[in-house]
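Bear in mind these aren't lab numbers, they're just calculated from the coordinates by the rules spelled out. The structure presented is a predicted model; accordingly, all values stated were derived computationally and were not measured. Cβ atoms come from the backbone with ideal geometry, glycine included; neighbour counts cover every protein chain shown.
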Amino acid sequence: MPLNITTNAAAASASYYLGKNQSALQKSMTRLASGKKIIAPYDDPGSLSVSMKLQASINRVGGALNNIRNGIAFLEVQDGLLAFGGRILDRMAELKGLSSQDPMKSSLDQASYNDEFKDLQVQLFETVSYTHLRAHET
């Protein structure tokens, strides 16, 4: 008695395509869950390359933006130091006028003005030195 084994070709084909569809559905669900079109490099190598180039450009622009912010902050500090130096010079000019133009000032008053003037000179020198030092650090 011969044994005859036959297969159902339609069922095998349906099973094959069901597996392919399940795989495609899983891939679509993974994309939806991640929010990205490309979840693996083999999905679309051309688009992945473009995406990587754009991401590199974004990173470079971000670095340039940080450099600009650092430059602005540096200039603001320099501006503040120069404004402070200007106020020192204004006070020094005021002291010179007070000391030399009023004949009613005693020698003690003039010595006091002179001491303040010398203190302001030291302070101005330190401010200018700090500004110069900070400018050469960058």
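Model label points for SER23 and VAL61, set 7 angstrom from Cα along the Cα-to-Cβ axis, are 3.9 nm apart.
Per residue, the average separation of C-alpha pairs within less than 8 Å and at least 6 apart gives the chain a relative contact order of 16 percent.
When shorter helices are ignored and each DSSP H run of at least 4 residues is given -39500 (n - 2.57), the per-residue value for the chain at 222 nm works out to -30500 deg cm²/dmol.
Computed over the Cα atoms of the chain, the ratio of the radius of gyration to the Kirkwood radius (Rg/Rh) comes to 1.69. Distance between the modelled labels on ARG69 and ALA40, one decimal in nanometres: 3.8 nm (7 Å Cα→Cβ projection).
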